[in-house]
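First comes the structure, then the notes that go with it.
The values are calculated or read from the model by the stated rules, or taken from the named source; none is laboratory data. Keep in mind that what you see is a predicted model, and the values were worked out from it rather than measured. For neighbour counting, all protein chains shown are included, and Cβ atoms are generated from backbone atoms with ideal geometry for every residue, glycine included.
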Amino acid sequence: MSDNDDFYKKFSSDSSKSGGFKYNVFVPFISGVFGTILVIGLSFGIPNIRKSLTSYKSDNDTVSGSNQSSNTGVVDLVSLNNYSDTAVYAASKVLPSIVGIKVEYTVTSNFMQGLSQTAQAEGSGIIISNDGYILTNNHIINSSDSSIYYEVSEAAKVYVYLYNDETPYEAKIIGKDKETDLAVIKIDKNDLTAAELGNSDSIKIGEFSMAIGNPLGMGTSVTSGIISAVNRSVTSEDGTTYNLIQTDSAINSGNSGGALINAEGKVIGINTLKLSGTGIEGMGFAIPINDTIDIYNQLIEKGKVLRPYIGIGGRNLDEVTAKRYNLPAGIYIQEINSNSPASSSDLKQGDIITKINGKDVKTMDELNDIKNNKNIGDEITLDIYRNGETKQVKITLGEKP
C-alpha cells in the first residue's frame, strides 16, 4: 500500500468540509408558497439595515444656526443639497434601465401524488442593450430544486416588468451560468434604455453607492450608502467562492440581479448576496460589473460559458497535514472524472499535484486560477508526487461540460 493511500484513509476520516456561510448567507429571492405550509425558495429576510451618509458642504452651501458645539447640543447645520442632488441624478439616470422579473415554476409534493401548484419568485435585472437583452442572476431564473418533501421544476415562464410599465413581457432565457451566478434573458421589444456601465476596477472604499431593484416584489426602489470594501472573497453555502464588492446600501429580497451604481449613475455591480444574522447589519455584496462583461457576451453568443477543464476532484493538503504524513503540500486527487482530459492522462487517484507549468500550487483555487487563464486545447504540465517519487504528467485541456 502506498504512502498516498495510507494518507487517504486517515485524511478522509479526519477531515470535514467547510460549510461556507452556513445559514448566514442567503440569496435575495422571494419564494412561492405550496398550500399554507410549504415555502419554497431562498430569501435574505428583511434585516435592519443601517445607512452611513456623509454630509459635506461646498463654497456655495448655506450654513445657518449657532456656531456653538459645546454640550448645549447646538451644532452647525450643514446643507445636504449636494448629496441629495447626486442621489436624484444617479437614480433618475438608471431607473429606466432596471426591470422587475417574475418567474413561474411548478412545485410538486412528494407525499401527495398528483398534487402540484404554480409558485412564483421575483427578482431584478438590468437592460444591457436597447433590443431587449437583460442581465440578471442565475439563481433568479434557475429555480430547479428538490428535497424529500417537494420537487421544484425549471422556470416555466419568465416575465419582465419595465420601469413605469405594468405590462408583463414574457422573456426567453438566453443563457445561464451557475459558476458566476449570472444569466441573460431577452424580451421582444426595441428602443429600450440600456444602462451605462462604469469601471468597477476603479471604485474606492467610502465612495457613494446606490442599490436599485425590485425588493419584495414592490416595484423599483432605491437605497443609498457607500462602498464598504472591494475584492471581498465570499464563499456561498454550496462552496462557490466569489470576488465581490461590499456595500452598506440596503439590499433586500428581490434585489438580486439589480444594479449597484456610482454617483454618476453608472452600473458598477450586480447585487447578488447579503450577509444576514444576529448582530449583522449592512453587509450586501455585488458582482463587479467588469467581471460580467465577458460572461454575458458568451451567454448571448453561445448560450453558455466556455471554460477549460481538467476533470479532477481534489482536497487541499496543507503544510501541517502534509508534514504529519511525510508528504509534500499540494492537491490530493480524490477522484478523476470519467471521459475527462484527466482520465485520458497518466493521473491516478491518490496522486498529489505540487506544480502546474512549473509554478507551485497548494490549493484547488490556485490550480483553477492558472487553468482558467488558459484556453481550451492548451497543454499543461502537472508535477505530481506518487509513492515517494515525483513525475510530470501532460494534459490537454478540454471543454468543461
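Mind checking which residues of the range 135-174 are in a loop (DSSP other than H, G, I, E, B) and of a type in the set (S, T, N, Q)? Walk me through how you get there before you give the answer.
If we filter the range 135-174 for residues that are in a loop (DSSP other than H, G, I, E, B), which is where we start, we get 137, 142-144, 147-149, 153-156, 162-167.
Residues satisfying the conditions are Asn137, Asn142, Ser143, Ser144, Ser147, Ser153, Asn164, Thr167.
Look through Asn271, Asn290 and report the one residue that is buried (at least 21 other Cβ atoms within 10 Å of the Cβ), closer than 30 Å to Ile128 by Cα and touching a residue at least 24 places away in the same chain (Cβ under 8 Å). If you could, list the steps in order and put the result at the bottom.
Values: Asn290 fails: buried (at least 21 other Cβ atoms within 10 Å of the Cβ).
Selected residue: Asn271, the only one of Asn271, Asn290 that is buried (at least 21 other Cβ atoms within 10 Å of the Cβ), closer than 30 Å to Ile128 by Cα and touching a residue at least 24 places away in the same chain (Cβ under 8 Å).
Only a single criterion out of (1) under 22 Å from Ile126 (Cβ atoms); (2) touching a residue at least 24 places away in the same chain (Cβ under 8 Å); (3) more than 19 Å from the chain's Cα centre (by Cα) is not satisfied by Glu301, namely (2).
All of Thr108, Thr118, Thr86 fail the test of being surrounded by fewer than 19 Cβ atoms within 10 Å (Cβ to Cβ), under 16 Å from Ile212 (Cα atoms) and modelled with pLDDT under 95, apart from Thr86. Among the residues of the range 270-280, is there at least one that is at pLDDT 95 or above, over 13 Å from the mean Cα position of the chain (by Cα) and either within 20 Å of Val103 (Cβ to Cβ) or not in a loop (DSSP other than H, G, I, E, B) (or both)? Within the range 270-280 (the criterion being at pLDDT 95 or above, over 13 Å from the mean Cα position of the chain (by Cα) and either within 20 Å of Val103 (Cβ to Cβ) or not in a loop (DSSP other than H, G, I, E, B) (or both)), the answer is no, since none of the residues qualifies.
Pick from Val222, Val234: which is buried (at least 20 other Cβ atoms within 10 Å of the Cβ) and of a type outside the set (D, E, K, R)? So that I can check it myself, show each step before the final result.
Numbers: Val234 fails: buried (at least 20 other Cβ atoms within 10 Å of the Cβ).
That would be Val222, the only listed residue that is buried (at least 20 other Cβ atoms within 10 Å of the Cβ) and of a type outside the set (D, E, K, R).
In summary, Asp318 fulfils each of the numbered conditions (1) at pLDDT 95 or above; (2) of a type in the set (Asp, Glu); (3) more than 12 Å from Ile384 (Cα to Cα) with the single exception of condition (1). Looking across the range 101-119, the residues that are in contact with a Ser or Thr (Cβ under 8 Å, 6 or more places away or on another chain) and under 19 Å from Thr220 (Cβ atoms) come down to Ile101, Val103. The residue that is surrounded by the fewest Cβ atoms within 10 Å (Cβ to Cβ), among those in the range 254-268 that are out of contact with any Asp or Glu (no Cβ under 8 Å at 6 or more places or on another chain) and small (Gly, Ala, Ser), is Ala259.
Please go through the range 165-179 and pick out each residue that is more than 23 Å from the chain's Cα centre (by Cα) and touching a residue at least 60 places away in the same chain (Cβ under 8 Å).
From the range 165-179, those more than 23 Å from the chain's Cα centre (by Cα) are 165-170; that's our starting set.
Matches in the range 165-179: Pro168 only.
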